[in-house]
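**Q** Got a structure for you, written out below as structure tokens; questions coming shortly.
What follows draws every value from the coordinates through simple rules; no lab data is involved. Everything numeric here is computed off the predicted structure, so don't read it as measured data. Every residue, glycine among them, receives a Cβ derived from its backbone with ideal geometry; neighbour counts consider all protein chains shown.
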Amino acid sequence: MSVPDVVWAEAPDLSDRELKAITRLVYEKSGITLHSGKRALVLARLQKRVMHGGYGSFEQYLKHVQADTSGDELTALLDAIATNHTSFFRESQHFDFLRTTVLPALVARPGAAPILGWSAACSSGEEPYTIAMTCLQLMGDDAGRRVRLLASDLSTKILRVAKAGVYGDDRVTNIPFDTLKKYFEKGLGAQKGTVRVGPAVRKMIEFQQVNLLELPQSGTLYDFIFCRNVMIYFDAQVQQRVVQGLERKLAPGGYLFISHSESLNGTTHGLNWVAPAIYRRALK
Ligand SMILES: C[S@@+](CC[C@H](N)C(=O)[O-])C[C@H]1O[C@@H](n2cnc3c(N)ncnc32)[C@H](O)[C@@H]1O
């Protein structure tokens, strides 16, 4: 019996200079500020990649990221650094407000214009799927015809998870049983222990990579935008830039939902506060 050779790569150290270079690159490309404890975070998220990619040091790895004109390695680096924590019906007051206040007014609006919503840092998809289910709960099948949702994130890796819409049973425990039964398919055989978001919900959503630092100046205006639990990773300057960009993307009367742990205090904007962590663009 032959024993395979095992090459034990030594875990590379992270010098202050390398850490500074990574911190700067992450900030420039994503707006994310790496705070205290960043050394541990960078090591935890990138050391394996540096080791198993055969780069030898963080410096070599950074050189490779910068030389890779496809941008794939930079994307992988940002994927590794970004925090993707999310859940279905997270901060459920927002979905109550959507169902009881925002959607009824949009449904009653004269004309046949579609209702447009955007989940602007959608992570693994729980947020946009929750929005879609909330629309279906209120509007029934009409939601499928009238509501169009964009779900976006910086991370292409997490967007693939979002698009697949497959979750472990442990991720859906806070969804009421009736809702689960109505909008999800139970995994069988090899898929046992998972659920998949059903087609009626999935067809309402388009997934796309969008960097909040590079929001287009023109184009579609949204009736509501969810941008939650991402600005917390940005400094005041980046928050200002993102809020201004999002404000430009709101239709008159459109709503911006941020997280209850975030605040627009300290940013200059023209939105009106309507409820905790909910702002609205003026109608005119
Ligand atoms: C903590 S998750 C928030 C998910 C969801 N909005 C929620 O509240 O549960 C933050 C997401 O922001 C994304 N993100 C970080 N920087 C970004 C940027 N510059 N543009 C777009 N998305 C970004 C990350 O990839 C991550 O998926």
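**Q** Looking only at the range 133-163, filter to residues that are under 17 Å from Asp223 (Cβ atoms) and among the polar types (S, T, N, Q); which one of those is surrounded by the fewest Cβ atoms within 10 Å (Cβ to Cβ)?
**A** Residue satisfying both the conditions and the ranking: Ser152.
**Q** While we're looking at this one, here's another question. Name the single residue, out of those in the range 216-246 being closer than 26 Å to Arg146 by Cβ and buried (at least 18 other Cβ atoms within 10 Å of the Cβ), that is farthest from the chain's Cα centre (by Cα).
**A** Asp223
**Q** So which strands (runs of 3 or more DSSP E) stay within the range 243-284 end to end and still have 1 or more residues that are farther than 13 Å from Phe226 by Cα?
**A** Qualifying strands (runs of 3 or more DSSP E): 250-257, 272-275.
**Q** Do any strands (runs of 3 or more DSSP E) entirely within the range 167-237 hold 2 or more residues that are of a type in the set (A, V, I, L, M) and over 30 Å from Leu34 (Cα atoms), and if so, which?
**A** Working: elements: 184-186, 194-197, 205-209, 222-226.
The qualifying strands (runs of 3 or more DSSP E) are 194-197.
**Q** If Ser263 satisfies all but one of (1) of a type outside the set (Phe, Trp, Tyr); (2) touching a helix residue (DSSP H, G or I) at 6+ places or on another chain (Cβ under 6 Å); (3) within 16 Å of the ligand (Cβ to nearest atom), what's the number of the condition it fails?
**A** Just one mismatch for Ser263, condition (2).
**Q** Could you tell me whether Phe89 is without any contact (Cβ under 8 Å) to a residue 40 or more places away in the chain, closer than 24 Å to Gly198 by Cα and in contact with a Phe, Trp or Tyr (Cβ under 9 Å, 6 or more places away or on another chain)?
**A** Criteria not met by Phe89.
**Q** Quick check on my filter: what residues within the range 158-169 are in contact (Cβ under 8 Å) with a residue 40 or more places away in the chain and more than 14 Å from the ligand (Cβ to nearest atom)?
**A** Correct list: Gly165 only.
**Q** Residues of the range 11-48 being within 15 Å of the ligand (Cβ to nearest atom) and either at positive phi or loosely packed, with under 11 Cβ neighbours inside 10 Å (or both), which ones?
**A** Once the filter is applied, which keeps residues that are within 15 Å of the ligand (Cβ to nearest atom) and either at positive phi or loosely packed, with under 11 Cβ neighbours inside 10 Å (or both), the range 11-48 yields Glu28, Gly31, His35.
**Q** Just checking, which of Val210, Val243, Val201, Val172 is away from the ligand (no atom under 16 Å from the Cβ) and β-branched (Val, Ile, Thr)? Steps first, please.
**A** Working: Val210 fails: away from the ligand (no atom under 16 Å from the Cβ); Val243 fails: away from the ligand (no atom under 16 Å from the Cβ); Val172 fails: away from the ligand (no atom under 16 Å from the Cβ).
It is Val201.
**Q** Taking the condition free of Cβ contacts under 8 Å to residues at least 40 places away in the same chain and near the ligand (Cβ under 10 Å from one of its atoms), does Ser155 pass?
**A** It is false that Ser155 is free of Cβ contacts under 8 Å to residues at least 40 places away in the same chain and near the ligand (Cβ under 10 Å from one of its atoms).
**Q** Under 7 Å by Cβ, and 6 or more places apart or on different chains, what pairs join a residue from the range 74-85 that is touching a residue at least 40 places away in the same chain (Cβ under 8 Å) with one that is charged (D, E, K, R) and assigned to a helix (DSSP H, G or I)?
**A** Leu74/Lys29; Leu78/Lys29; Asp79/Lys157; Ile81/Arg45
**Q** In the set Ala282, Ala190, Ala277, which member is of a type in the set (Gly, Ala, Ser) and within 16 Å of the ligand (Cβ to nearest atom)?
**A** Ala277
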